[in-house]
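Participant: Dropping a structure here in structure tokens format, bear with me for questions.
Just so it is clear, none of the values below were taken in a lab; they were calculated from the coordinates. Source: prediction; values computed, not measured. Cβ coordinates were reconstructed from backbone atoms using ideal geometry, including for glycine residues, and neighbour counts include every protein chain displayed.
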Amino acid sequence: MDTDRLLRELTDFLRIPSVSTNASHNADCRAAAEWVAGELRRLGCREVQFLASDTHPVVWGVGPEVPGAPTLLIYGHYDVQPPEPLDEWTTAPFQPTVRDGKLFARGAADDKGQVFCLLKAIQAPPGRPQLNFRFLIEGEEEYGSRVLFELLRREPERTRADAVLIADMAYVAPRWPAVYTTLRGLCYAEINVRTAKSDLHSGEFGGAAPNAHEELARLLGRLKTPDGKVHVPGFYAPVKRPSKAELATWKRLPFKEAEFLKHRVQAKALTGLKSYSVLERLWALPTFEIHGITGGFTGDGAKTVIPAEATAKVSLRLVPDQKLKVVERQLAAAVRRLAPKHVQASVKFLHGADPATVKVTHPAFKLLDQAFREVVGRGTVPARAGGSIPVVPVLGKGGAPVILTGIGLPDDRLHAPNEKLDLKQLWDGIKVFRRFYELLGT
């Protein structure tokens, strides 16, 4: 394996700031799609197309025909999260840097590095795997996959395959590879409050005029109390606790709460519903999180103003049996009920997805387990994921097993400053997926 060459090629991919949530990066998203298309052509794909969007196209590829062989659909995404706050990066997010055997860059683990791994495994010696490859690599996964959803509603036949492979996940611990049985869904929204026609002078009106920031803070505090409970009527009604067998499996995982707090969260305490274990809070319970608040004056210097309007960006992670549309209605109703009468409150929904549940009983999962055992010395363990991949339920509608796995590690800092991918994970991953392709094709 020519690791120097592979590292140069991945670095070129990671340099592209393909942030899908910011329109100023539309050209960069297109450039990332061009990079993926070039790789598919080098793999010998007889068909490579840009579908459904000029700026964030779905890259569709069809590999060389192998008569009688199984069809494997590979899904991934070339878009990345915004890199802010920039001053918390040790090195610039789009200037990939290797330190201590780790590659630091936005998208290194989520998901450019893992897409790269799946593609390079096809090229790895001794020869082309005996599979019919199909590729769906999208550019809006971090923003709800709207383009891909619309495409697959019109053309569901593109998901026809004997298996679907997604590498956008992590080991549950170093040397503990995993396959994932559940992804949480997502409901992303903006909660807006208005308290007056315009901002007001705090000296003339302070003490009598309502303050939008204060009202928003109180409203958010009513929606989620310090004990971690979400006060949206009906929110928890469909939630089922994991089975005793699943909980017992989790207890055998190499997870230590103190290490999780110190090395991954890097805070002074863990929060949330304390009557549940940390893994239950991360994997099996729905959540409500506040991501940012805008309004009033936030520039340099001072301005004594009472803000008339304030907005909070929030998300709710959903678990099996919760439905996005139902939760949207529940949240909107709760905001109306909890806001004081003198406050005009509204909710704008930006994007979301239902939770996904994946059965891991198909023979393809045993082949992946065998590939990991042969390469890294340990097979896969079933786990749940706290994150979301919106399109997973659609990819499995045709009946093909959806294999959710990955080569990341729990400390890769996805969506955060100093995102990284351990290079040993990448080199091992190429070998693992190469072996999986061979086993699936025989």
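Participant: Taking the Cα centre of each part, how many Å lie between the stretch 70-104 and the stretch 320-379?
Facilitator: Here the answer is 23 Å between Cα centres.
Participant: Suppose each label sits 7 Å from its Cα in the direction of the beta carbon; what would the A27-R41 distance come out to in nanometres?
Facilitator: About 2.1 nm separates the two model spin labels.
Participant: If you don't mind, another one. Tell me whether the stretch 55-103 comes out rounded, prolate or oblate; compute the Cα gyration tensor, take square roots of the eigenvalues as a ≥ b ≥ c, and use a/c under 1.5 as the rounded threshold. Numbers along the way, then the final one.
Facilitator: Values: a/c = 4.51, a/b = 2.24, b/c = 2.02.
Since a/c reaches 1.5 and a/b is larger than b/c, the shape of the stretch 55-103 is classed as prolate.
Participant: When the scattering of the stretch 289-331 is computed by the Debye formula from its Cα atoms alone, each counted once and equally, what is log10 I(q)/I(0) at q = 0.20 Å⁻¹?
Facilitator: Relative scattering, expressed as log10 I(q)/I(0), comes to -0.74.
Participant: Enter the Cα centre distance for the pair the stretch 288-306 and the stretch 1-60, rounded to the nearest angstrom.
Facilitator: When both Cα centres are located, 37 Å separates them.
Participant: Within the stretch 401-431, name every residue whose backbone N is under 20 Å away from a label modeled 7 Å from Cα of M1 along the Cβ vector.
Facilitator: 405-412, 420-431
Participant: Tell me, what is the percent relative contact order of the chain, built from C-alpha pairs under 8 Å that lie six or more residues apart?
Facilitator: Working: 899 pairs, mean separation 114.0, N = 442.
About 26 percent, as a whole number.
Participant: Pop the C-beta distance of E190 and K251 into the FRET formula with R0 = 35 Å and round what comes out to the nearest 0.05. Intermediate results must be reported in sequence, preceding the final value.
Facilitator: On the way: r = 39 Å, r/R0 = 1.11.
Approximately 0.35, to the nearest 0.05.
Participant: Under a crude label model (7 Å from the Cα following the beta-carbon direction), how far is H362 from K397 in nanometres?
Facilitator: With each label placed 7 Å out from Cα toward Cβ, I get 1.6 nm.
Participant: Another one. Could you tell me what % of all Cα pairs in the stretch 1-151 have separations over 22 Å?
Facilitator: On the way: 4605 of 11325 pairs.
Percentage above 22 Å: 41.
Participant: Any idea how far the Cα center of the stretch 166-193 sits from the one of the stretch 400-442, in Å?
Facilitator: Cα centroid of the stretch 166-193 versus Cα centroid of the stretch 400-442: 14 Å apart.
Participant: Listed here are the pairs K240/K420; K197/K229; K274/K359; K112/K262; which of them are more than 32 Å apart at the Cα?
Facilitator: Details: K240/K420 34 Å; K197/K229 34 Å; K274/K359 29 Å; K112/K262 28 Å.
Result: K240/K420; K197/K229 exceed 32 Å.
Participant: Write out the chymotrypsin sites (Phe, Trp or Tyr not before Pro) in the stretch 178-275 meeting two conditions: DSSP loop, and at most 15 other Cβ atoms within 10 Å of their Cβ. Present the calculation step by step, with values, prior to reporting the outcome.
Facilitator: Details: sites: Y180, Y188, F205, F235, Y236, W250, F255, F260; in loops: F235, Y236, F255.
Filter output for the stretch 178-275: Y236.
Participant: Which part of the stretch 399-442 falls in the paramagnetic zone of K262, meaning amide N under 17 Å from the point 7 Å along Cα-to-beta-carbon?
Facilitator: Residues 411 fall inside that zone.
Participant: What number results when the radius of gyration of the chain, computed over Cα atoms, is divided by 2.2 N^0.38 Å?
Facilitator: On the way: Rg = 23.1 Å, N = 442, 2.2 N^0.38 = 22.3 Å.
Cα-based Rg divided by the globular estimate yields 1.04.
Participant: Give me the percent of Cα-Cα pairs in the stretch 3-55 that sit more than 17 Å apart, rounded to a whole number.
Facilitator: Working: 609 of 1378 pairs.
Every Cα pair in the stretch 3-55 considered, those over 17 Å come to 44 percent.
Participant: Also: Explain nothing, just the number: relative contact order of the stretch 33-153, from Cα pairs under 8 Å at least 6 residues apart, as a whole percent. If you can, show how the numbers build up before the last one.
Facilitator: Details: 187 pairs, mean separation 44.2, N = 121.
It rounds to 37 percent for the stretch 33-153.
Participant: Among rounded, prolate and oblate, which fits the stretch 213-303 when a ≥ b ≥ c are the square roots of the eigenvalues of its C-alpha gyration tensor, a/c under 1.5 means rounded, and a/b larger than b/c means prolate? Intermediate values should be presented prior to the final figure.
Facilitator: Values: a/c = 3.59, a/b = 1.66, b/c = 2.16.
Cα axes put the stretch 213-303 in the oblate bin.
Participant: Can you tally the net charge around A308? Count Lys and Arg as +1, Asp and Glu as -1, for every other residue whose Cβ sits under 13 Å from the Cβ of A308. Walk me through the numbers on the way to the answer.
Facilitator: Numbers: positive: R194, K197; negative: D199, E214, E215, E309.
Net charge in that neighbourhood comes out at -2.
Participant: Follow-up question, since we're still on this one. List the trypsin sites (Lys or Arg not before Pro) within the stretch 259-297 that DSSP assigns to loop and that have no more than 15 neighbouring Cβ atoms inside 10 Å. Before the final figure, lay out the partial values.
Facilitator: Details: sites: K262, R264, K268, K274, R281; in loops: K268, K274.
Answer by residue number: K268, K274.
Participant: Above 22 Å lies some portion of the pair distances; for the stretch 360-442, what is it as a whole percent of all C-alpha pairs?
Facilitator: Details: 1189 of 3403 pairs.
Tail fraction, whole percent: 35.
Participant: Starting from the coordinates of the alpha-carbon atoms of the stretch 132-278, obtain the Kirkwood hydrodynamic radius over all distinct pairs and give the value in Å to one decimal. All intermediate terms of the calculation are to be shown ahead of the outcome.
Facilitator: Values: mean 1/r = 0.0472 Å⁻¹.
Every distinct Cα pair counted, the radius reaches 21.2 Å.
Participant: So between R329 and K240, what do we pick up on full extension, going 0.36 nm a residue minus the alpha carbon distance? Please report the intermediate quantities before stating the final value.
Facilitator: On the way: separation 89, 0.36 × 89 = 32.04 nm, distance 2.06 nm.
The span from R329 to K240 would gain 30.0 nm if fully extended.
Participant: Let me ask something else about it. Can you give me the long-range amide H partners of K224? Hydrogens built in the peptide plane at 1.01 Å from N, cutoff under 5 Å, separation of 5 or more residues or another chain.
Facilitator: The list, which skips near neighbours in sequence, is H231.
Participant: In addition: Once you sort the root eigenvalues of the Cα gyration tensor of the stretch 243-355 as a ≥ b ≥ c, which label holds: rounded (a/c under 1.5), prolate (a/b larger than b/c) or oblate (the other case)?
Facilitator: On the way: a/c = 3.05, a/b = 1.56, b/c = 1.96.
Oblate, since a/c reaches 1.5 and b/c is not below a/b.
Participant: Only sites in a loop by DSSP and with at most 12 other Cβ atoms within 10 Å count here; which chymotrypsin sites (Phe, Trp or Tyr not before Pro) in the stretch 69-127 make the cut? Spell out each step's value before the answer.
Facilitator: On the way: sites: Y75, Y78, W89, F94, F104, F116; in loops: Y78, W89, F94.
Passing sites in the stretch 69-127 do not exist.
Participant: Just to confirm a number: summing +1 for Lys and Arg and -1 for Asp and Glu over residues other than G406 whose beta-carbon lies under 10 angstrom from that of G406, what do you get?
Facilitator: Numbers: positive: none; negative: D110, D111, D168, D412.
So the environment of G406 carries a net charge of -4.
Participant: Which number comes out as Rg/Rh for the stretch 126-175 once both Rg and the Kirkwood Rh are worked out on C-alpha atoms?
Facilitator: Working: Rg = 14.6 Å, Rh = 13.8 Å.
My calculation of the ratio gives 1.06.
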